[in-house]
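All remarks here apply to the structure that follows.
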Amino acid sequence: MKLYGSFGSPFTRRVGTTLSLYKLDYEHLALRASIPEELEQLKKLNPLGRVPALETDDGMALADSATILDYLDRLVGSDRALTPSTGEARTQMLNIIGIAAGAVEKSVSCYYEEGINAKRPAEKVYRPWVDKMYEQTKDGVEAMESMVIGPWVMGNKISQADVSFVCFWDFIIKHRPVTAPRLNCPKLEEISQKANLMIEFSSTIPS
């Protein structure tokens, strides 16, 4: 398999981490949509040119991290899958991951507004909108914090909720400016620190 996209993307990182946790061999091609030549290559896999994208061993191209994770879960089987395959447990996990994804999407939007790769001149940034997204990110991570049962997100066993929470939380913390509302989430921080000691997580930490 081939995974396309830099681990600087929290969505690419959660796919790479999941592949490692599943002990699945893959080639990582850290293509970036910001580089025209690499964007054209990405568009062959995803018409939108977004990452991550996964090329399976039989040549199928998958776009969107949720779709890729669903494919990987089916590939390893329900006994090994990090997401329950059926029932209320699956719905509950997908729901909390959805909230976490919404929080990090707001953070990614802020990153493109005024991060190191800002796409808009500072004088063109609409401050009330950006500030609202920082608040929405804060609301999202506080909800994530309240969902942690411990010692992992859903209890005693690591799950896709942990993979997603760690990859999303790490991105949010790394790129959140000091001027944004402060985040106080000790449970998320503890899970992040614990997970990032594992090679499956540490090997995907972006430089």
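Here are the numbers:
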{"quantity": "Within the chain: Cβ-based charge dipole about Cα centre, in debye rounded to nearest 20 (Lys, Arg +1; Asp, Glu -1)", "calculated": "380"}
{"quantity": "Principal axes of segment 2-76: Cα extent on each, largest first, Å", "calculated": "35, 24, 19"}
{"quantity": "Cα pair distances in segment 87-201, grouped into 10 Å bins until the bin that holds the longest one, percent each", "calculated": "14, 44, 29, 11, 2"}
{"quantity": "Debye, to nearest 20: dipole size of segment 105-207, +1 on Lys, Arg Cβ, -1 on Asp, Glu Cβ", "calculated": "200"}
{"quantity": "Filter on Lys2/Lys138; Lys44/Lys157; Lys119/Lys174; Lys43/Lys119 - keep pairs with C-alpha separation over 28 Å", "calculated": "Lys2/Lys138; Lys44/Lys157"}
{"quantity": "Those residues of segment 185-206 whose amide nitrogen sits under 16 Å from the label point placed on Ser146, 7 Å along Cα→Cβ", "calculated": "185-188"}
{"quantity": "Cβ-based charge dipole, the chain, positive-most Cα from Gly115, Ala63, Ser207", "calculated": "Gly115"}
{"quantity": "FRET efficiency for Ile199 and Tyr71, using Cβ-Cβ distance with R0 set to 22 Å, rounded to 0.05", "calculated": "0.45"}
{"quantity": "Ordering of 119-126, 16-23 by burial proxy (mean other Cβ atoms within 10 Å per residue, highest first)", "calculated": "16-23, 119-126"}
{"quantity": "Rough spin-label spacing in nm, given labels placed 7 Å along Cα→Cβ, for Glu40 and Lys119", "calculated": "2.1"}
{"quantity": "Equivalent ellipsoid, the chain (semi-axes from 5 times Cα gyration tensor eigenvalues, Å)", "calculated": "26, 24, 14"}
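Any read-out appearing in this document is the output of simple, stated calculations on the displayed coordinates, not a laboratory observation. Since the structure is predicted, the reported quantities are computational estimates derived from the model, not experimental observations. Virtual Cβ from ideal backbone geometry, glycine too; neighbours counted across all protein chains shown.
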